[in-house]
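To start, the structure itself, in structure tokens.
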Amino acid sequence: MIHSLFLINASGDIFLEKHWKSVVSRSVCDYFFEAQERASEPENVPPVIPTPHHYLISVLRHRIYFVAVIQSEVPPLFVIEFLHRVVDTFQDYFGVCTEAAIKDNVVVVYELLEEMLDNGFPLATESNILKELIKPPTILRTMVNTITGSTNVGEQLPTGQLSVVPWRRTGVKYTNNEAYFDVVEEIDAIIDKSGSTITAEIQGVIDACVKLTGMPDLTLSFMNPRLLDDVSFHPCVRFKRWEAERILSFIPPDGNFRLLSYHVSSQNLVAIPVYVKHNITFREGSSQGRFDLTLGPKQTMGKAVESVLVSSQLPRGVLNVNLNPSQGTYTFDPVTKLLSWDVGKINPQKLPSLKGSMSLQAGASKPDENPTFNIQFKIQQMAISGLKVNRLDMYGEKYKPFKGIKYMTKAGKFQVRT
Amino acid sequence: MPYLSGEDAVKELRRALSNPNVQSDPLRYRNTITKVIRVMSQGVDVSGLFPEMVKACATVDIVQKKLVYVFLCSYASLNPQLSLLVINTLRKDCQDANPMVRSLALRNMTNLRLPGLAEYVEQPLTVGLRDRAACVRRVAVLGWAKLHNLQPQAEIDAAVVNELYSLLRDSDPVVMVNCLRALEEILKDEGGVAINKNITHHLLNRLKECDVWGQCDVLRVLERYRPQTEGELFDILSLLDSCLTCAHPPVMAATLRLFLCLSAGLPSVCQSALERACGPLLAACGSNSREMRFTALAHVQLMMQSVPGLLGAHYKRFFCGYAEPAFIKQRKMQVLVELVNDENVSMLLDELKGYCTDVDPDTAQAAISAIGRIGRSYSDKCLDILTGLLGLRQEHITSAVVQTFRDLVWVCPQCSDVVCAALQGCEETLQDDQGRQALLWLLGVYGERVATAPYVLEGFIDGVRAEVSVSVKLELLAAALRLFLSRPAETQDMLGRLLHYCIEEERDMCVRDQALLYYRLLQCGPEQARRVVEARRSDPALGVLIGRPLQPIDAWAHGFNTLQPLSTAAATPDSSTRGILPKSKSFLSASAVEEGDFLCVVKLMPCQMLPVNSPQSLQAALQLVNIQTMAFTPPNALPWKVYLYTHTQPAPDSTSAECTLVLAELLYSSDTPDSSRITVKQKPRDSAALSGFLCILTAVLNTVSAECKL
């Protein structure tokens, strides 16, 4: 399956390699470097590169290429998903997945890779199980380890593999029994010039943090379960029950896990929480352009839109801008032509705006396209799809747990064309 | 810290490793070993430290052990002698009380990859298969596969294979899946694991317990199983049904592949499987990971060869985001082109128009040629956009537009008027070879309709000395000759100059030969030259074939969920060249059709009136009964002709796999208004098929003409 893995940074250095079968020479990456040179942007390196004896399948995350070397025919989706899982695990362990973090924790990285694959086949990839095998480094633990000389390897075999419920270890004990659920939705949308929606879809997840004693059996029901399309569950959820009653019934893993992820497609109407009024004009022949942008909330059920950040790549002909934000700050990089405006919170009484002029290159013709705006925002206490949890019950244990549910909406790939 | 070169670093580390003070302090010892690993990961050759590291292996500290193993596994092949020392420590660890240590030792023993050590490894592996801890069994099972890889020619121990087969029923799902994986590798020469009914049902029942990776592997192995009865097949399919909508794309793809494999002979089952899997596949197309989106798109393209209508309603999901990488945008555009229909065409074209000004020239060109492809069915709207783009006067855009024009007029000659009008002034912005070649070709073929053609050519001919590209020169020669034939007075002088230059001064053989050929051709007289040069025009009487025949699902199913759809060139085959001949085993040339031993039948068919005014509806109707139209004359022209072909499927029960090919010409002329003449050629002779064909054709014609009258 997966023969070897190379980690390559943006400047084209291999800074880590791991071989699960025979050692593949580093020179195989030359094909990758060739493709990297040809690509204008780092993202443009094709994910699958055939070479005479191998295939290179790469994934770009956090400006690092994870390049898997494959010798025989494999399902590509399998390899890609696995590489993403590796990155997710690193991120989970080290907080960030940067070259520096990987180099600092090179020992843990090797241990993890060794546990995740054997002979090229995935072995242990569940974060719960991995964390019992190899404890993640924390500052405190690093200090304690340095002083006492103990290690970050679990001495015990993961008990989860011995219990009846493979994802939960036996004999869990807590003094405070709590179960928290975060409903997080990301809205991806493309809004056209006139403000009408071209596409909009919602990707949602429910992340859980469950710290309950014993073997609790939870059921979670929604007010409007029919909203969800393409639901994907954690293996603990009883699928039959969901199909029949639309109720999530499960024995949760211990700690943090993703209970389900779902998708609300454009078939349902998706509410767009912000609108943008814009007037960006370049006059033919003059070296000035007008810039006027106003943001406002809509369909937010009274909740505040926060952490708003607008960014845009202005046309190449723009030399500089002279703008005046009614709130927040803006920056413009004359080299990359990247405009970014940190708005903060939108006050519905006084809408934030950014107005002013752009100076264009003298003599250059009028830019032929208007910029596209990427907008990021957050709305607390609301799931934009309207998804609501009805109730959460626990069976199988006597105590009364503390329960909490939080909603949040974020912008994913939210674009406004002008 | 002073900069140390590779050698210095190794020397420094060796000193530290052999320092007794370091060795006695476990913490310092481990840190030094960490340093070795770090240097190793930077690509420095630290194999010289092997003896020191072997010593460090004998320790109780698990982390230190792990680190040393990482080192040993990378360099063992360079030091086979010394590795023998390690084996003892490892074998001792295999009897440790802690299952984790046991599995670690077992795994690294097999990872040393030294054929000489195989005899020492076999015994612990055999014991490992019966270990009570699942994690040791997992490692031991795969260990046998690794051992086999080391000595592929060695005899396979039948006892081990049997043991592995019995472990397929292990209580731990990972052991089960690893057994499958190991057996697949060990028994590769025999075609992998033997899959019988019992194993299949056992695997299916335990599928839910496996993790996603395991599920993928199990599903892949199951592809080899052939259900004995239809009832069993449907049992299996209904068990797998929930996996088909699984939100993990790898599992979904593997399940769909299995569905297509198992129900290869049942198109309706395949069709409904595709419909079910469509949702998750679309979700994967909108996934956060670019690589995932790319792969999903490639598979969507595969699916659309058979069921183009499936995703029609979701065309908006394939609109490009602004920050997406070029390879995704180009795939999405190819999908969009296939999804175009009467309702969404203007929306789609608006969208594609936006991509034409993309920063990345390749993406922009792909967008323009996508518009060109749509132009074959919706020429007016597309030509408007394309001519508008010329106004931007951007070099790469103009080049792409002119190339698209060239391709478009070849299949839709009716567009040529607009194209000729638009060509005015393009030559100023064109810089690259492809663009200029396209312009020259257009000027040559439609020279009489472009007023400025001679002047543009003159510019090219004046600059021919400075021209570096051979292909541009060749195209220039051809264009000049063609223009001379249509507008001799204006072109004669410059053609003379060009030929003179090419014959006397040109260094390139190809160009010189071409020029000489044209020169001699012209000596034979303009009429002769015209016959040779202009024969290659596309025939405007040939109707365009826009719809292409649907591929059967089996045609691509074997490539589904493999690397094949990803690595094939991004361009899909051209629809205009598709569907001319059925996929027969041997290619048919025109002369073979003319001269071959075809059975020829000419018949009059009673038919009130052919649907002369709506050939498209006739084409659609004929496609329903698997008769393909190759070409037809434009609507309302008399005499009206249509060319058809069809072929029979080889009957499943007959021994001969041969199928008969039928070619037909249907002629409707004003002389015989109540009937049309049909000429049929058939090979090999099969009178039952022929009469069936004629019967179906008559029925279709009568139905369609009855509709037309209403």
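The values are calculated or read from the model by the stated rules, or taken from the named source; none is laboratory data. A quick note: this is a predicted structure, and the numbers were derived from the prediction, not measured. Using ideal geometry, Cβ is built from the backbone for each residue, glycine included, and neighbour counts are taken over all protein chains shown. Accessible surface areas use protein heavy atoms only, side chains included; no ligands, DNA or RNA. Shrake-Rupley method; radii C 1.70, N 1.55, O 1.52, S 1.80 Å.
Determine if the range A:233-250 includes at least one residue that is within 14 Å of chain B (Cβ to nearest Cβ), among the β-branched types (Val, Ile, Thr) and under 22 Å from the mean Cα position of the chain (by Cα).
There is no residue in the range A:233-250 that is within 14 Å of chain B (Cβ to nearest Cβ), among the β-branched types (Val, Ile, Thr) and under 22 Å from the mean Cα position of the chain (by Cα).
Being at pLDDT 90 or above, out of contact with any Ser or Thr (no Cβ under 8 Å at 6 or more places or on another chain) and either open to solvent by less than 20 Å² (accessible area, probe 1.4 Å) or assigned to a helix (DSSP H, G or I) (or both), is that true of even one residue in the range B:377-386?
no
So, in the range B:391-408, of the ones that are out of contact with any Gly (no Cβ under 7 Å at 6 or more places or on another chain) and either touching a residue at least 60 places away in the same chain (Cβ under 8 Å) or open to solvent by 20 Å² or more (accessible area, probe 1.4 Å) (or both), which residue ends up nearest to the other protein chains (Cβ to nearest Cβ)? Show your work before the answer.
To start, the set of residues in the range B:391-408 that are out of contact with any Gly (no Cβ under 7 Å at 6 or more places or on another chain) comprises B:391-397, B:400-401, B:405-406.
Restricting the remaining residues to those that are either touching a residue at least 60 places away in the same chain (Cβ under 8 Å) or open to solvent by 20 Å² or more (accessible area, probe 1.4 Å) (or both) gives B:391-396, B:406.
Working: B:Gly391: 9, B:Leu392: 5, B:Arg393: 8, B:Gln394: 8, B:Glu395: 13, B:His396: 13, B:Arg406: 24 Å.
Across the range B:391-408, the extreme among qualifying residues is B:Leu392.
Read through the list (1) within 14 Å of another protein chain (Cβ to nearest Cβ); (2) open to solvent by less than 60 Å² (accessible area, probe 1.4 Å), then give the number of the only condition that B:Leu167 fails.
The number of the failed condition is (1).
Against the condition open to solvent by less than 40 Å² (accessible area, probe 1.4 Å) and more than 23 Å from A:Cys236 (Cβ to Cβ), how does B:Tyr225 come out, does it pass? Please lay out each step first, then the result.
Details: open to solvent by less than 40 Å² (accessible area, probe 1.4 Å): yes; more than 23 Å from A:Cys236 (Cβ to Cβ): yes.
Spelling it out, B:Tyr225 is indeed open to solvent by less than 40 Å² (accessible area, probe 1.4 Å) and more than 23 Å from A:Cys236 (Cβ to Cβ).
When you scan the range A:1-14, how many residues do you find that are in a loop (DSSP other than H, G, I, E, B) and within 25 Å of the chain's Cα centre (by Cα)?
Filtering the range A:1-14 down to residues in a loop (DSSP other than H, G, I, E, B) leaves A:1, A:10-13.
Remaining after also requiring within 25 Å of the chain's Cα centre (by Cα): A:10-12.
Residues in the range A:1-14 being in a loop (DSSP other than H, G, I, E, B) and within 25 Å of the chain's Cα centre (by Cα): 3 in total.
Across the range A:237-262, which residue is surrounded by the most Cβ atoms within 10 Å (Cβ to Cβ) among those that are out of contact with any Leu (no Cβ under 9 Å at 6 or more places or on another chain) and more than 25 Å from B:Ser287 (Cα to Cα)?
In this case the residue turns out to be A:Pro253.
Quick one: in the range B:28-64, of everything that is part of a loop (DSSP other than H, G, I, E, B) and among the polar types (S, T, N, Q), which residue is least open to solvent (accessible area, probe 1.4 Å)?
So the first thing to find is which residues in the range B:28-64 are part of a loop (DSSP other than H, G, I, E, B), and the list is B:42-46, B:58-61.
Next, from what is left, pick out any that are among the polar types (S, T, N, Q): B:42, B:59.
Numbers: B:Gln42: 107, B:Thr59: 32 Å².
Restricting to residues being part of a loop (DSSP other than H, G, I, E, B) and among the polar types (S, T, N, Q), the top hit is B:Thr59.
Consider only pairs whose beta carbons are under 7 Å apart and that are at least six residues apart or on different chains; among these, list those whose first residue lies in the range B:336-357 and is within 13 Å of chain A (Cβ to nearest Cβ) and whose second residue is aromatic (Phe, Trp, Tyr).
From residues that are within 13 Å of chain A (Cβ to nearest Cβ), the pairs are B:Leu336/B:Tyr315; B:Leu336/B:Phe318; B:Asn344/B:Tyr315; B:Leu348/B:Tyr315; B:Glu351/B:Phe319.
Consider B:Arg257 carefully, then state whether it is open to solvent by 20 Å² or more (accessible area, probe 1.4 Å), assigned to a helix (DSSP H, G or I), free of Cβ contacts under 8 Å to residues at least 60 places away in the same chain and at negative phi. Explain how you work it out, then say what you get.
Values: open to solvent by 20 Å² or more (accessible area, probe 1.4 Å): yes; assigned to a helix (DSSP H, G or I): yes; free of Cβ contacts under 8 Å to residues at least 60 places away in the same chain: no; at negative phi: yes.
So B:Arg257 does not fit the description; no.
Show the residue pairs that are 6+ apart or on different chains and have beta-carbon atoms under 6 Å apart, the first residue being within the range A:214-231 and closer than 17 Å to A:Phe181 by Cα, the second being acidic (Asp, Glu).
From the range A:214-231, the pairs are A:Pro216/A:Glu397; A:Thr219/A:Asp393.
Which of the residues that make up the range B:355-380 are over 21 Å from the mean Cα position of the chain (by Cα) and among the polar types (S, T, N, Q)?
Answer for the range B:355-380, where residues must be over 21 Å from the mean Cα position of the chain (by Cα) and among the polar types (S, T, N, Q): B:Thr357, B:Ser377, B:Ser379.
List the pairs whose first member sits in the range B:266-286 and is more than 8 Å from chain A (Cβ to nearest Cβ), whose second member is open to solvent by less than 30 Å² (accessible area, probe 1.4 Å) and among the hydroxyl-bearing types (Ser, Thr, Tyr), and whose Cβ atoms are under 7 Å apart, counting only residues at least 6 apart or on separate chains?
Listed pairs, sorted by first residue: B:Val269/B:Ser263; B:Cys270/B:Ser263.
Check whether at least one residue in the range B:43-52 is without any contact (Cβ under 8 Å) to a residue 12 or more places away in the chain, within 47 Å of the chain's Cα centre (by Cα) and within 11 Å of chain A (Cβ to nearest Cβ), and report yes or no. Spell out how you get there, then give the answer.
Start the filter on the range B:43-52 by keeping residues that are without any contact (Cβ under 8 Å) to a residue 12 or more places away in the chain, which leaves B:43.
Filter once more, keeping what is within 47 Å of the chain's Cα centre (by Cα): B:43.
If we keep only those that are within 11 Å of chain A (Cβ to nearest Cβ) as well, we get B:43.
Checking the range B:43-52: at least one residue is without any contact (Cβ under 8 Å) to a residue 12 or more places away in the chain, within 47 Å of the chain's Cα centre (by Cα) and within 11 Å of chain A (Cβ to nearest Cβ).
Is it the case that the range A:395-411 has a residue that's within 14 Å of another protein chain (Cβ to nearest Cβ), surrounded by 14 or more Cβ atoms within 10 Å (Cβ to Cβ) and either among the charged types (D, E, K, R) or more than 30 Å from A:Tyr180 (Cβ to Cβ) (or both)?
Taking the range A:395-411 as the starting set, the residues that turn out to be within 14 Å of another protein chain (Cβ to nearest Cβ) are A:410-411.
Now drop any that are not surrounded by 14 or more Cβ atoms within 10 Å (Cβ to Cβ), which leaves A:410-411.
If we keep only those that are either among the charged types (D, E, K, R) or more than 30 Å from A:Tyr180 (Cβ to Cβ) (or both) too, we end up with A:410.
For the range A:395-411, residues within 14 Å of another protein chain (Cβ to nearest Cβ), surrounded by 14 or more Cβ atoms within 10 Å (Cβ to Cβ) and either among the charged types (D, E, K, R) or more than 30 Å from A:Tyr180 (Cβ to Cβ) (or both): present.
Here are B:Ser238, B:Ser242: which of them is without any contact (Cβ under 8 Å) to a residue 24 or more places away in the chain and at the interface with another protein chain (Cβ under 10 Å from one of its Cβ atoms)?
Numbers: B:Ser238 fails: at the interface with another protein chain (Cβ under 10 Å from one of its Cβ atoms).
None of the others qualify; the one that does is B:Ser242.
How do the helices (runs of 4 or more DSSP H) wholly within the range B:279-371 filter down when requiring 2 or more residues that are closer than 20 Å to B:Thr245 by Cα and at pLDDT 85 or above: which remain?
Details: elements: B:290-304, B:326-339, B:345-355.
The helices (runs of 4 or more DSSP H) meeting that bar are B:290-304.
Specify the residue that is nearest to the chain's Cα centre (by Cα); the eligible residues are those in the range B:94-112 that are surrounded by 18 or more Cβ atoms within 10 Å (Cβ to Cβ) and either touching a residue at least 40 places away in the same chain (Cβ under 8 Å) or away from chain A (no Cβ under 14 Å) (or both).
By that ranking, first place goes to B:Asn111.
Are any residues in the range A:63-84 more than 9 Å from chain B (Cβ to nearest Cβ) and out of contact with any strand residue (DSSP E or B) (no Cβ under 8 Å at 6 or more places or on another chain), and if so, which ones? It would help to see each step written out before you state the result.
Keep residues of the range A:63-84 that are more than 9 Å from chain B (Cβ to nearest Cβ), which gives A:63-69, A:71-72.
Matches in the range A:63-84: A:Ser72 only.
Mind checking which residues of the range A:191-209 are more than 10 Å from chain B (Cβ to nearest Cβ) and part of a strand (DSSP E or B)?
A:Ile191, A:Ile202, A:Gly204, A:Val205, A:Ile206, A:Asp207, A:Ala208, A:Cys209
With the condition kept exactly as written, say whether any residue in the range A:15-27 is surrounded by fewer than 20 Cβ atoms within 10 Å (Cβ to Cβ), assigned to a helix (DSSP H, G or I) and more than 8 Å from every other protein chain (Cβ to nearest Cβ).
Yes, some residue in the range A:15-27 is surrounded by fewer than 20 Cβ atoms within 10 Å (Cβ to Cβ), assigned to a helix (DSSP H, G or I) and more than 8 Å from every other protein chain (Cβ to nearest Cβ).
Residue-by-condition table, conditions (1) within 25 Å of A:Pro47 (Cα to Cα); (2) open to solvent by 30 Å² or more (accessible area, probe 1.4 Å):
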| position | (1), (2) |
| --- | --- |
| B:Ala323 | yes, yes |
| B:Val335 | yes, no |
| B:Met347 | no, yes |
| B:Glu351 | no, no |
| B:Thr363 | yes, no |
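Please determine whether any residue of the range B:194-211 is in a helix (DSSP H, G or I) and facing chain A (nearest Cβ under 10 Å). If you could, list the steps in order and put the result at the bottom.
Here is the first cut: in the range B:194-211, the residues in a helix (DSSP H, G or I) are B:197-209.
From what is left, the residues that are facing chain A (nearest Cβ under 10 Å) are B:208-209.
Scanning the range B:194-211, I find at least one residue that is in a helix (DSSP H, G or I) and facing chain A (nearest Cβ under 10 Å), so the answer is yes.
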